[in-house]
Amino acid sequence: MRLEEKTVSSEQIYDGKVVKLFVDKAEVENGDIVSREVIKHPGGVCVVPLDEDENVIFVRQFRYPHKRVFLEIPAGKLEVGENHRECGLRELKEETGCVCDSFEYLGNLVPTPAYDTEIIHMYLARGLHSGEQKLDEDEFLETEKIPLKKAAEMIMKNEIADAKTQIAILKTMLLLGHCK
């Protein structure tokens, strides 16, 4: 049982709109039983919308837990059973009004593996065609174009705090050969 933990019991203590919270008992390598708190999250998608001039369409959105506005790439939560590619295309259209000719998978990331099951799938959208946003009725955000290279500089200066945005932008920079 090296480096593994076996679930002995699991109790759901909260069933929310976005997350479910469980308190589990797990057997660790030395045979001890420990408590583990686990947030179950359906996962999400984020998209780097890159125009022909290598500008990224960002969104500014208030994030309640931190009580401030964040600069992020478009993103959204997966619905139960939803395909992450379809979710990404939907979120791109809803938040920016854009559709795209090319939608390239950049992989996934696990933002908080210690206590959360969330997996975020990342995409690069190119060949953008502008249209009208279709925001959810309780969603309020502003879009802003920022050159890709400037966005990477902003990440390195800690001006963009959102982890999914940092990773997807830096992966895009590598993919396009902008990193030495």
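FYI, it's all coordinate maths here, none of it is from the lab. Just so it is clear, the model here is predicted, and its values are computed rather than measured. Neighbour counts run over all protein chains shown; Cβ positions are idealised from the backbone, glycine included.
Taking a straight line from the alpha carbon of LYS67, these lysines sit under 24 Å away, with near neighbours fewer than eight places off in the same chain left out: LYS17, LYS20, LYS40, LYS77, LYS145, LYS157, LYS164. Put in line by how crowded their Cβ is, counting other Cβ atoms within 10 Å and starting with the fewest, GLU142, GLU54 read GLU142, GLU54. The structure shown yields percent of Cα pairs over 24 Å apart, and of the options (1) 44; (2) 37; (3) 69 that calculated value carries the label (1). Annotation for the range 77-123 versus the range 127-180: alpha-carbon center distance of 14 Å.
Work out, step by step, the length gained on full extension between MET156 and ARG63: first 0.36 nm times the residue separation, then minus their alpha carbon distance; give nm to one decimal. Present the calculation step by step, with values, prior to reporting the outcome.
Working: separation 93, 0.36 × 93 = 33.48 nm, distance 2.15 nm.
Result for the pair: 31.3 nm of gain on full extension.
Using only DSSP helix segments of four residues or longer, with each worth -39500 (n - 2.57), what per-residue ellipticity at 222 nm results for the chain after dividing by its residue count and rounding to 500? Don't jump to the answer; show the numbers that get you there.
On the way: 3 runs with 35 residues, N = 180.
That calculation yields -6000 deg cm²/dmol at 222 nm.
Computed extension gain for GLU4 through PHE140, at 0.36 nm per residue and net of the alpha carbon distance, reaches 44.7 nm. Think of each Lys and Arg Cβ as +1 and each Asp and Glu Cβ as -1; about the Cα centre, that makes the dipole of the chain roughly 460 debye. Coupling constants for the range 77-86 follow from the phi torsions by the Karplus curve (6.51 cos²θ - 1.76 cosθ + 1.60, θ = phi - 60°), and in residue order they are 7, 6, 7, 4, x, 6, 6, 5, 5, 5 Hz; glycine and proline get x. Among GLN166, GLN12, GLN133, the residue with the largest mean-square fluctuation in a Gaussian network model of the chain, with springs joining Cα atoms closer than 10 Å, is GLN12.
Given R₀ = 35 Å, what would the calculated FRET efficiency be for SER130 paired with VAL19, taking r from the Cβ atoms and rounding to 0.05? Write out the running numbers ahead of the final one.
Details: r = 34 Å, r/R0 = 0.97.
About 0.55, to the nearest 0.05.
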